[in-house]
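The values are calculated or read from the model by the stated rules, or taken from the named source; none is laboratory data. All values derive from a computational prediction rather than experimental measurement. Cβ placement follows ideal geometry from the backbone for every residue including glycine, while neighbour counts extend to all protein chains displayed. Just the protein is used for accessible areas: all its heavy atoms, side chains included, with ligands, DNA and RNA removed. Shrake-Rupley method; radii C 1.70, N 1.55, O 1.52, S 1.80 Å.
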Amino acid sequence: MYQLHNFDQETFLRDYWQKKPLVIKQGFRDFIDPLDENELAGLALEDSVDSRLISHHKESWHVAHGPFEDINAHCIGAWSLLVQKVDQFIPDADELMRCFAFIPHWRMTDLMVSFSNAKAGVGPHIDQYDVFIIQGKGTRRWQIGLPGNYSESLPHADLKQISDFSPVIDEILQPGDIIYIPPHHPHNGVALEDCMNYSVGFRAPSQQELLTSFADYALEHNLFNKRYKDQSVELRPFPGEIKQQELQQFKRLLLESVNTPHFDHWLTQYLSETNRLSSNELNEEDKYSEAEISELLLSGVYFVREAGIKAMFTEQQSTENADFIFFVEGQMFSIAAEHKNFVLNFLNSPNFSLESQKKPEICLFFTQTLAKLVNSGFWFPE
């Protein structure tokens, strides 16, 4: 349904990614919104959905967080409704987001969708992450500047803005146009009429986030219990002094924990987790047996990937002959290395059915993995 146009991936990655902003005119031709404002408002009523409504009225900013009981009560003045992780609920929104998979899946966070009335926006601000913003119905004026030192203000406790900036891009986006904004570039978007926008966000974990998660993983699995040793302690005039060689030994002790397969396993698991808002895991009485999955496969039934599901795996060394391991939402799945290409084809297919010419023995190994994926709510038979 969605396909990028007027866009060269290699040129973009070389010249623009994390370097400078870009406007892609008619990146999507004859663009069709994957949902409308009424469906978006419906999502904002759900307890599991992260949503907020930002309004500007009588020179004051207001922010209200969902779930909303009466969303109309907050739609005053110029207002925008923003809903996170819409790709997890709307298959067409998931398909739209996957058009940007020339950036690795582990880098992607979610698709945020917003609806704004005329003159609405969230004010000039700076984000710490990359974003593609697709213009849906309506039009919006975008101004983007260059990184610099800007004064910050808090017109509301939940809204951070910056002082004026000089735009290097000043464009009115039409339906199907796309704008790319790198981190630290000030920007401001103002709706010229009722409009929908789709923001593909990307993650860039901080050192603090990585260290915290890796430490939690080590504690959970009782790993890295090796202790510091000093069999050659030197006499020193000041007992409070920590010698340089001791500092280096501490660093080596920590680096040893990173240079292990445990780190690779944790990182892939960590990056596969998207804090999924809705769980489609089947109840015990509804779960499929391997025999039932096998029967469905052999009868030609299609298995459909749930919206928002992305599998992650670590690049394997060419000399390795170990099992192929992949993760979905923090869960590990393992299959024999000889079947890797077959499973990769399955993981990359939104709809999958077993071709009649496939060997029956492939079914035998595949049904066990597929049963786990279906029972976990990641795929479903259609």
**Fill in**
Checked Asp110, Asp127, Asp170, Asp92 against criteria (assigned to a strand (DSSP E or B), surrounded by fewer than 20 Cβ atoms within 10 Å (Cβ to Cβ) and of a type in the set (Asp, Glu)); the one match is Asp170
**Message:** Let me confirm something: among Lys226, Lys287, Lys251, which residue is of a type in the set (Lys, Arg) and within 30 Å of Phe366 (Cβ to Cβ)?
**Reply:** Lys287
**Asked** Would you pick out the residues in the range 139-164 that are of a type in the set (A, V, I, L, M, F, W, C), within 22 Å of Ile24 (Cβ to Cβ) and assigned to a loop (DSSP other than H, G, I, E, B)?
**Response** Leu146
**Prompt:** So, of the residues in the range 51-73 that are within 21 Å of Leu154 (Cβ to Cβ) and β-branched (Val, Ile, Thr), which turns out to be surrounded by the fewest Cβ atoms within 10 Å (Cβ to Cβ)?
**Reply:** Val63
**Request:** From (1) surrounded by fewer than 19 Cβ atoms within 10 Å (Cβ to Cβ); (2) of a type in the set (Gly, Ala, Ser); (3) in contact with a strand residue (DSSP E or B) (Cβ under 7 Å, 6 or more places away or on another chain), pick out the condition that doesn't hold for Ala157.
**Result:** (3)
**Request:** Would you check if Ser318 is at pLDDT below 90, open to solvent by 40 Å² or more (accessible area, probe 1.4 Å) and within 21 Å of the chain's Cα centre (by Cα)?
**Result:** no
**Cβ-Cβ under 8 Å pairs, at least 6 apart or on other chains, the range 26-51 side without any contact (Cβ under 8 Å) to a residue 40 or more places away in the chain and among the hydrophobic types (A, V, I, L, M, F, W, C), far side open to solvent by less than 20 Å² (accessible area, probe 1.4 Å) and not in a loop (DSSP other than H, G, I, E, B)** = Ala44/Ser51; Ala44/Leu53; Ala44/Leu81; Ala44/Val83
**Request:** Could you pull out the residue among Gln143, Gln135 that is open to solvent by 40 Å² or more (accessible area, probe 1.4 Å) and out of contact with any helix residue (DSSP H, G or I) (no Cβ under 8 Å at 6 or more places or on another chain)?
**Result:** Gln143
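Take the residues in the range 240-271 that are in a loop (DSSP other than H, G, I, E, B) and polar (S, T, N, Q); name whichever of them is farthest from Tyr217 (Cα to Cα).
Filtering the range 240-271 down to residues in a loop (DSSP other than H, G, I, E, B) leaves 240-243, 259-260.
Narrowing the set further to residues that are polar (S, T, N, Q) leaves 259-260.
Details: Asn259: 15, Thr260: 13 Å.
Checked the range 240-271; the qualifying residue farthest from Tyr217 (Cα to Cα) is Asn259.
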**Item:** Only one of Glu284, Glu292, Glu256, Glu246 that is under 23 Å from Gly377 (Cβ atoms), charged (D, E, K, R) and either touching a residue at least 12 places away in the same chain (Cβ under 8 Å) or surrounded by 10 or more Cβ atoms within 10 Å (Cβ to Cβ) (or both)
**Value:** Glu292
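Taking Ile76, is it surrounded by 18 or more Cβ atoms within 10 Å (Cβ to Cβ) and not in a helix (DSSP H, G or I)?
No, not satisfied.
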**Asked** Which residue out of Asp216, Asp194 is surrounded by fewer than 19 Cβ atoms within 10 Å (Cβ to Cβ), acidic (Asp, Glu), at pLDDT 95 or above and in contact with a Ser or Thr (Cβ under 9 Å, 6 or more places away or on another chain)?
**Response** Asp194
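Out of all the residues in the range 187-239, which are of a type in the set (S, T, N, Q) and part of a strand (DSSP E or B)?
Of the residues in the range 187-239, the ones of a type in the set (S, T, N, Q) are 188, 197, 199, 206-208, 212-213, 222, 225, 231-232.
Across the range 187-239, the qualifying residues are Asn188, Asn197, Ser199.
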